Amino acid sequence: MNETVTSLSLEDLLRGSERRGEPDWLRDARERAWQIFEQLNWPTRKNEAWRYTDLDPTWFALDLEETGPAELRQRDELPRAVRERLAESDAEAALVFANGRLVHAALPQELLEKGVVLGDLHAALRNNADQVKGALYQAVTETGLQGPEDKLAALNAAFWSYGVFLHVPAGVALETPVGVFHYASEGGKLGLSRTLVTLGANVEATLIEEYLSPPLERTHVATGEFLLGPGARLRHAGVQTWGAGVRHFHRQRALLERDAVLNDLAVNLGGSLARTEVASELVGPGADSEMLGVYFAGAGQHLDHYTTQHHVSAQARSDAYYKGAATVNGRVVYQGLIQLEPTAQKTDAYQTNRNLLLSREARAESVPQLEIAANDVRCSHGSSTAPVDEEQLFYLATRGIPRAQAQQLLVAAFLEEVLGRVPLERLRRHVAHVIEARLGG
């Protein structure tokens with residue numbers, strides 16, 4: 001018997017779509033997604049992709065976070081945590097959402113003149129209708145694959161209440177990062193957001209998305225769609241530092257055309273439970289996808305990651321490298337899939353996962369997987385999970401370094417192999433400082 005979210009209904013969906021003045025095609029897509037959502041069961045541990053994570057349907061029975069018109073504020077009027085991150089992020093173009101409402105937007109005039117679009121997705125439906133209609137639900141469809149793992153994707157497709165639209169026309173290079181900040185201060189809410197990025201041919205862009213809040217009880221379901229045209233290069237970072245009590249579910253999928261390059265970084269440090277799914281579909285020859293992941297689980301935290309490298313075209317390359325640590329009774333999960341179609345000859349694909357356990361109660365699960373239907377390829381995968389090296393701790397202790405500080409040094413060195421591949425120095429420092437504070441706490 002299917003369980004549904006009792007606080008939501010088709011009538012709610014239709015009323016919300018009408019209130020926001022959405023076009024008929026979007027309302028119809030939302031309705032199709034809702035029908036799929038109602039047909040699917042919630043994923044359980046019996047489903048392979050969820051075998052290490054328990055999901056409670058009541059987490060999604062919270063009040064839906066409704067949004068309204070933008071309430072734009074100056075930087076000094078924003079929450080302190082957001083102001084600090086804006087100042088540190090080096091982002092001249094930025095959006096800030098507070099409890100689902102756009103409260104700050106900045107886009108330099110020179111980018112506007114080049115045709116760059118950055119704004120609220122609902123506004124883009126009015127002002128950039130053709131661009132949005134041709135792209136929305138293309139990477140993460142409104143109907144999904146109709147498997148249990150797609151119930152949350154269908155929920156987001158049906159009820160997303162706010163979103164981000166970034167469009168960069170062909171030949172434009174953004175020299176500084178674009179920052180998007182999702183901030184929450186209201187508990188007892190179900191937030192649903194969607195990010196849509198479309199890059200023309202030979203574009204260069206960097207997008208940093210951050211999710212942050214004080215400790216509170218809420219659920220957030222996010223979806224990201226990245227469409228990379230021929231020769232486009234996108235560097236993306238998703239940084240999750242929600243406060244304790246937040247449950248975070250994120251699905252992201254990128255479509256890479258000929259010679260497109262995606263460098264993605266997933267950072268999971270906050271919340272009580274986080275499930276992050278990152279996928280790249282390499283549909284053009286010469287496409288290149290790099291997936292990096294950094295995570296740290298402390299007391300009571302459960303951080304789950306699933307990556308997919310789907311090779312459709314020949315002569316493409318992908319590399320997934322996820323490293324994380326857990327302490328106290330924290331638990332981390334990594335599952336990764338390299339999937340090659342028969343057309344994906346001359347593929348290079350790699351997948352690595354490393355985990356460091358800082359206590360006897362901490363746990364890590366690592367499951368790399370290969371599905372190869374082509375015969376002229378180079379593919380490899382590997383994983384390791386190990387406790388902190390007591391000899392290294394002893395060596396540092398003989399140099400007068402306390403155990404807690406020694407662990408900080410070892411974790412920093414362990415994660416540097418991944419963070420060192422990220423050319424965003426300020427972001428690297430921020431991640432390192434958050435982990436250091438968590439270890440010190």
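With respect to LEU95, determine if the residue is at pLDDT 95 or above, farther than 20 Å from SER17 by Cβ, of a type in the set (A, V, I, L, M, F, W, C) and crowded, with 19+ Cβ neighbours inside 10 Å.
Numbers: at pLDDT 95 or above: yes; farther than 20 Å from SER17 by Cβ: yes; of a type in the set (A, V, I, L, M, F, W, C): yes; crowded, with 19+ Cβ neighbours inside 10 Å: yes.
Against the criterion (at pLDDT 95 or above, farther than 20 Å from SER17 by Cβ, of a type in the set (A, V, I, L, M, F, W, C) and crowded, with 19+ Cβ neighbours inside 10 Å), LEU95 qualifies.
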Residue satisfying all of: in segment 60-88; assigned to a loop (DSSP other than H, G, I, E, B) and either in contact with a Gly (Cβ under 7 Å, 6 or more places away or on another chain) or charged (D, E, K, R) (or both); farthest from GLU18 (Cα to Cα) among these: ARG73
ARG247 vs. criteria at pLDDT 95 or above and more than 27 Å from GLY330 (Cβ to Cβ): no
Residue in segment 135-146 that is in a strand (DSSP E or B) and either under 30 Å from ARG75 (Cα atoms) or modelled with pLDDT under 95 (or both) present: no
Which numbered condition LEU273 fails, given (1) farther than 20 Å from TRP50 by Cβ; (2) under 19 Å from the mean Cα position of the chain (by Cα); (3) not acidic (Asp, Glu): (1)
Conditions (1) surrounded by fewer than 20 Cβ atoms within 10 Å (Cβ to Cβ); (2) touching a residue at least 24 places away in the same chain (Cβ under 8 Å); (3) not acidic (Asp, Glu): number failed by THR53: (1)
Tabulated pairs, segment 98-110, first farther than 20 Å from GLU66 by Cα, second not in a strand (DSSP E or B), C-beta under 6 angstrom, 6+ apart or interchain: PRO108/GLU92
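Taking segment 319-330 on its own, how many of its residues are within 30 Å of ASP54 (Cβ to Cβ) and without any contact (Cβ under 8 Å) to a residue 40 or more places away in the chain?
Taking segment 319-330 and keeping what is within 30 Å of ASP54 (Cβ to Cβ), we get 320-330.
From what's left, without any contact (Cβ under 8 Å) to a residue 40 or more places away in the chain: 320, 326, 328-330.
Count: 5.
Table: residues versus (1) touching a residue at least 24 places away in the same chain (Cβ under 8 Å); (2) buried (at least 17 other Cβ atoms within 10 Å of the Cβ); (3) touching a Gly at 6+ places or on another chain (Cβ under 6 Å); (4) at positive phi.
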site	(1), (2), (3), (4)
GLU361	yes, no, no, no
VAL377	yes, yes, no, no
PHE394	no, no, no, no
ALA413	no, no, no, no
GLY420	no, no, no, no
ARG428	no, yes, no, no
ALA432	no, yes, no, no
GLU436	yes, no, no, no
GLY440	yes, no, no, no
Count of residues meeting criterion [buried (at least 18 other Cβ atoms within 10 Å of the Cβ) and either within 25 Å of LEU273 (Cβ to Cβ) or of a type in the set (Asp, Glu) (or both)] in segment 342-354: 4
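Can you tell me which residue among GLU149, GLU175 is charged (D, E, K, R), at pLDDT below 95, outside any loop (DSSP other than H, G, I, E, B) and surrounded by fewer than 20 Cβ atoms within 10 Å (Cβ to Cβ)? Full working, then the answer.
Details: GLU175 fails: outside any loop (DSSP other than H, G, I, E, B).
The match here is GLU149.
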Count of residues meeting criterion [farther than 15 Å from TYR295 by Cα and hydroxyl-bearing (Ser, Thr, Tyr)] in segment 232-283: 1
Selection within segment 280-291 - within 22 Å of GLU210 (Cβ to Cβ) and surrounded by fewer than 23 Cβ atoms within 10 Å (Cβ to Cβ): GLU290
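Restricting to segment 248-268, name every residue that is of a type in the set (A, V, I, L, M) and assigned to a strand (DSSP E or B).
At the first step, the residues of segment 248-268 found to be of a type in the set (A, V, I, L, M) are 254-256, 260-262, 265-267.
Within segment 248-268, ALA254, LEU255, LEU256, VAL261, LEU262, LEU265, ALA266, VAL267 qualify.
The values are calculated or read from the model by the stated rules, or taken from the named source; none is laboratory data. Keep in mind the model is a prediction, meaning the values are calculated, not measured. Every residue, glycine among them, receives a Cβ derived from its backbone with ideal geometry; neighbour counts consider all protein chains shown.
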